[in-house]
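Visitor: Shown below is the structure under consideration.
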Amino acid sequence: MSIISYKNGKLHMESIALENIAEKYGTPVYCYSTEQLADNYHAYQKAMRDVTTDDKFTICYACKANSNQAVIKMLGRLGAGMDVVSGGEMLRAFKAGIKPEKIVFSGIGKNENELTKAIKNGILQINVECESELGMISKIATQEGKKVQIAFRINPDVNAKTHAKITTGLRENKFGIDIQTAPKLYAKAKEMPGIVPTGVAVHIGSQLTELEPFAEAFKRVAALVVELREQGHLITTVDVGGGLGITYKDETPPEISQYAALIRDIILPLKVHVIMEPGRYIAGNAGVLLTRVLHIKEGQGKKFMIVDAAMNDLMRPSLYDAYHPIIPCNEPGNKSLKVVYDVVGPVCETGDTFLTDAEFPKMETGGLLAIMVSGAYGAVMSSNYNSRPLVPEVLVSDEQFDLIRKIQKTEDLVNNDLIPEWLA
Ligand code: LLP
């Protein structure tokens, strides 16, 4: 029985009927399954354990995918480290009990304040994106009397064959250091006070559903490690970046064991410690966004199902034309009448559309739906657009479920605005 499936006609997450969560906390509401999160993490871990002999790898969950502290905490308990990209994510990781020596700091534009926090706390590694950042790290490390282990994030100029907005490893993308000029920067870094260049990092994009771009990027990284070692650098870590893509519609990503075999064949012969930063693979299919039908509207040759979740709650469809399956929480009968709807949210933009021309059983006002595969890059990317409160989040564990993000009241949201005295 799958972790999110119909039981007795009702959609369940683990042992909880999702309608119970909707009734208790209202809609829209994000729900995450601890069991699915753990299964995904363990699948990654097992695949790597199968190809390594001495656990020379650290899975640093990319918490940008879902940074709720309850999620971080439960993954941390399983042994996960964290990949953070801001001072805010770093704080969440610390608060959720992740040890600094399991935290990697990535990100294209780190500021002095964030770097100081990372350095003072002695995190595992900072993935450096440019020479100016290197200078800033050296200055702070010297002030703090610390030695900081850094990796340069390499831009290998490899096409990840994913959506243009989440492609990061092409020369024209803002990310990383050109692989050709990297040796010069390593030589420079080695001479700088407070800096120990011990790693090479790469991340060519997200939602990769083929192995070939990973293979190409890993080969270029491996060749660089060999070259750097010939030049006298002690390279001890390779950070292979984000994880495998997942299935939203009909994508057929490779098995995690095939991905691990690539690392075995290309990276492990270098005898380095491997850092991995999967986000989507861990959190994506562990979450759903529950939403209720507000109105059914008959248009010209169209039927619109207007639901209470919107683009501000789950941006992926409007931002990347991403597909998320939507299913009713009441199991449709075999003989139920099929109706074609556009599923749209209440925000005043045509882009606020979740599905176009999708078949459903006949739906009515109040009907409950689950927007599937919404555990990664869902709640974290939500906003208050149209003065809509942020959606609460709920964590399910077998027969229990609890709120893991406070319900934001409209009044709280509105009361955050300040009126200057001269306008009062
Ligand atoms: N490491 C780095 C340096 C990254 O930039 C990312 C994602 C990851 C790891 C995690 O990648 P994953 O395993 O999740 O593929 N908002 C977009 C995705 C943006 C990904 C940004 N970086 C979406 O909803 O599709």
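The values are calculated or read from the model by the stated rules, or taken from the named source; none is laboratory data. Bear in mind that the values here come from a model prediction, so they are computed numbers and not experimental data. Note that we place each Cβ from the backbone using ideal geometry, even for glycine, and neighbour counts take in every protein chain shown. Calculation scope for accessible area: heavy atoms of the full protein, side chains included, ligands and nucleic acids excluded. Shrake-Rupley method; radii C 1.70, N 1.55, O 1.52, S 1.80 Å.
Visitor: On the given criteria, is Glu210 in the same structural domain as Phe152 (by TED's automatic domain parsing), farther than 24 Å from Asp265 by Cα and out of contact with any Cys (no Cβ under 7 Å at 6 or more places or on another chain)?
Guide: no
Visitor: In the set Lys165, Lys146, Lys174, which member is at pLDDT 95 or above, assigned by TED's automatic domain parsing to the domain that holds Ile103 and not aromatic (Phe, Trp, Tyr)?
Guide: Going through Lys165, Lys146, Lys174 in turn, just one is at pLDDT 95 or above, assigned by TED's automatic domain parsing to the domain that holds Ile103 and not aromatic (Phe, Trp, Tyr): Lys146.
Visitor: Mind listing just one residue for me: the one in the range 220-235 that is in contact with a Pro (Cβ under 9 Å, 6 or more places away or on another chain) and open to solvent by 20 Å² or more (accessible area, probe 1.4 Å) and, of those, nearest to the ligand (Cβ to nearest atom)?
Guide: Here the residue is Arg220.
Visitor: Please find, within the range 203-214, the residue that is farthest from Ala62 (Cα to Cα) out of those that are in a loop (DSSP other than H, G, I, E, B) and within 13 Å of the ligand (Cβ to nearest atom).
Guide: Here the answer is Thr209.
Visitor: Select from the range 166-202 the residues that are among the hydrophobic types (A, V, I, L, M, F, W, C) and in a strand (DSSP E or B) and write down the one among them that is most open to solvent (accessible area, probe 1.4 Å).
Guide: This residue is Val196.
Visitor: Still on this model: Could you grab the pairs with beta carbons closer than 8 Å, sequence gap of 6+ or different chains, first residue in the range 171-194 and closer than 27 Å to Gly145 by Cβ, second one of a type in the set (Ser, Thr, Tyr)?
Guide: Met192/Ser138; Pro193/Ser138; Pro193/Thr142; Gly194/Ser138; Gly194/Thr142
Visitor: Which one of these is more than 14 Å from the ligand (Cβ to nearest atom) and under 30 Å from Leu270 (Cβ atoms): Asp83, Asp54?
Guide: Of the residues listed, the single one that is more than 14 Å from the ligand (Cβ to nearest atom) and under 30 Å from Leu270 (Cβ atoms) is Asp54.
Visitor: Of all residues in the range 354-368, which are more than 28 Å from Pro278 (Cα to Cα) and either in a strand (DSSP E or B) or within 16 Å of the ligand (Cβ to nearest atom) (or both)?
Guide: Thr356, Asp357, Ala358, Glu359, Phe360, Pro361, Leu368
Visitor: Can I ask one more? Just give me the residues in the range 268-309 being of a type in the set (A, V, I, L, M, F, W, C), away from the ligand (no atom under 16 Å from the Cβ) and in contact with a helix residue (DSSP H, G or I) (Cβ under 9 Å, 6 or more places away or on another chain), in sequence order.
Guide: Leu268, Leu270, Val272, Leu290
Visitor: Going by what's in this entry, would Val347 be described as away from the ligand (no atom under 16 Å from the Cβ), closer than 23 Å to Asp321 by Cβ and assigned to a strand (DSSP E or B)?
Guide: No.
Visitor: What number goes with the only condition from (1) touching a Ser or Thr at 6+ places or on another chain (Cβ under 9 Å); (2) free of Cβ contacts under 8 Å to residues at least 40 places away in the same chain that Phe354 does not pass?
Guide: (2)
Visitor: Restricting the search to the range 4-18, which residues are open to solvent by less than 50 Å² (accessible area, probe 1.4 Å), more than 11 Å from Phe401 (Cα to Cα) and in contact (Cβ under 8 Å) with a residue 24 or more places away in the chain?
Guide: Ile4, Gly9, Leu11
Visitor: Moving on. Residue check: is Ala376 in contact with a strand residue (DSSP E or B) (Cβ under 6 Å, 6 or more places away or on another chain), under 16 Å from Pro317 (Cβ atoms), in contact (Cβ under 8 Å) with a residue 60 or more places away in the chain and not basic (Lys, Arg)?
Guide: Considered against the rule, which asks whether it is in contact with a strand residue (DSSP E or B) (Cβ under 6 Å, 6 or more places away or on another chain), under 16 Å from Pro317 (Cβ atoms), in contact (Cβ under 8 Å) with a residue 60 or more places away in the chain and not basic (Lys, Arg), Ala376 comes out as no.
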